[in-house]
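Quick note: the coordinates plus some simple rules give every number you see, no bench work behind them. As the structure is a computational prediction, the values presented were derived from the model and not from experiment. With ideal geometry, Cβ positions are generated from the backbone for all residues, glycine too; neighbour counts draw on all protein chains shown.
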Amino acid sequence: MPLGKPLDKSLDKTDAPKRRHIVLTSHPSRSGLKGSPVRWGDGDPLQRGAIVATVSDPSHRNAIGTHSGSYAVYRALAVASGVLQADHRPDFTNTSPAIAIGPHPSWADPEKIVSLDPFGALVGDVYKSLLAKGIDIRPSIAVTRAHIQMPELLEAVRQGRIKEDGEIVKPGGDLVVTKAAVEPVWYLPGVAQRLGVSEDDLRYALFEQTGGMFPELVTRFDLKVFLPPIGGITVYIVGDLDAVTDPARPLAVRVHDECNGSDVFGSDICTCRPYLVHGLEECIATAQQGGAGIIVYFRKEGRALGEVTKFLVYNARKRQEGGDRADAYFARTEC
């Protein structure tokens with residue numbers, strides 16, 4: 001555009017969000033961030049306190065970060081482009097869990113659960129009084145019921161490895177599951193303890209390695225809860241939910257890191273999908289024996305390598321001396 005030429009005003013979006021005065025939350029005395037404290041590990045949800053990481057009213061916030069993990073960036077794009085109101089509040093009518101889970105004793109132990117909010121699926125019930133006061137509290141866990149149909153499971157039914165019992169496996173091979181989506185909610189002192197580091201070192205590493213994305217990590221040590229912008233977890237439960245917490249009943253568990261190439265597209269460069277399918281078969285067998293099965297599906301591509309690094313690793317594995325070798329597999333993932 002030539003210097004001095006006026007901007008075309010017709011390009012302006014009249015419905016674009018209006019800028020407001022920004023108050024940084026880096027220091028408690030200036031931020032106005034005076035949300036109720038979180039007493040992590042208290043078994044009473046009201047005494048524990050709601051996790052408030054919404055941005056509609058900064059004075060209510062009591063956590064670092066915000067909801068929806070990495071999808072928060074897409075919400076920002078929608079607000080910036082004028083297609084979503086910045087103060088939009090979702091309607092959570094009829095969204096409560098399809099099946100009741102908990103409470104359990106571990107919910108009242110600050111060292112047992114440190115990376116999710118155990119009350120995250122129940123905010124509409126346990127924090128009803130706070131919601132009525134206008135505090136914007138969001139669920140961080142959603143629980144529903146569904147049927148799964150996979151070609152490999154149908155083949156296992158055909159071969160007789162999986163039995164159609166009508167309850168766990170329906171006629172036709174559909175697998176009945178309870179599934180939960182879980183957003184990460186980190187209690188920083190507990191995460192640091194799990195890693196064997198100090199909370200200070202954890203905070204500074206998170207701050208520096210994210211390019212200073214969250215200054216509150218190193219200035220707001222009064223805020224102990226962090227919602228990181230990362231993928232969450234999907235949990236698939238096969239069989240009777242009560243069997244999961246009954247030590248007298250068998251339980252099969254498969255912990256699986258997301259692998260889009262194999263899990264979804266059947267890539268031949270890795271064997272993640274066959275492992276996942278085998279885990280599901282074991283979950284079904286255990287559930288049909290009176291127990292339960294759990295698939296914990298972490299949404300962190302390939303041990304959190306990410307697909308760019310994974311594909312670089314694939315190239316390096318194929319081209320290394322001696323070809324793709326099992327003994328060099330983990331060394332190659334250090335690419």
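At-a-glance table
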quantity	calculated
Count of residues meeting criterion [over 16 Å from the mean Cα position of the chain (by Cα) and not aliphatic (A, V, I, L, M)] in segment 48-73	10
Given (1) in contact with a Ser or Thr (Cβ under 7 Å, 6 or more places away or on another chain); (2) within 21 Å of A53 (Cα to Cα); (3) among the hydrophobic types (A, V, I, L, M, F, W, C), number of the condition I237 does not satisfy	(2)
Inter-residue pairs, beta-carbon under 8 Å, first farther than 20 Å from R39 by Cα and in contact (Cβ under 8 Å) with a residue 24 or more places away in the chain and in segment 218-232, second outside any loop (DSSP other than H, G, I, E, B) and of a type in the set (A, V, I, L, M, F, W, C), 6+ apart	P229/A72; P229/V73; G231/F298; G232/A181; G232/V182
Hits in segment 132-145 (condition: of a type outside the set (D, E, K, R) and within 15 Å of S96 (Cα to Cα))	I137, P139, S140, I141, A142, V143, T144
Leading residue by the ranking (nearest to P151 (Cα to Cα)) among those in segment 247-287 that are touching a strand residue (DSSP E or B) at 6+ places or on another chain (Cβ under 7 Å) and touching a residue at least 60 places away in the same chain (Cβ under 8 Å)	L280
R89, sole failed condition from (1) surrounded by fewer than 17 Cβ atoms within 10 Å (Cβ to Cβ); (2) touching a residue at least 60 places away in the same chain (Cβ under 8 Å)	(2)
Residue match in segment 58-73 (condition: assigned to a loop (DSSP other than H, G, I, E, B), surrounded by fewer than 14 Cβ atoms within 10 Å (Cβ to Cβ), in contact (Cβ under 8 Å) with a residue 24 or more places away in the chain and basic (K, R))	no
Residue in segment 242-255 that is in contact with a Cys (Cβ under 7 Å, 6 or more places away or on another chain) and assigned to a loop (DSSP other than H, G, I, E, B) present	no
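Each row is one residue, and each column tells you yes or no for (1) out of contact with any strand residue (DSSP E or B) (no Cβ under 7 Å at 6 or more places or on another chain); (2) in a helix (DSSP H, G or I).
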{"position": "Q85", "(1), (2)": "yes, no"}
{"position": "R89", "(1), (2)": "yes, no"}
{"position": "N94", "(1), (2)": "yes, no"}
{"position": "A98", "(1), (2)": "no, no"}
{"position": "I101", "(1), (2)": "no, no"}
{"position": "G124", "(1), (2)": "yes, yes"}
{"position": "R158", "(1), (2)": "yes, yes"}
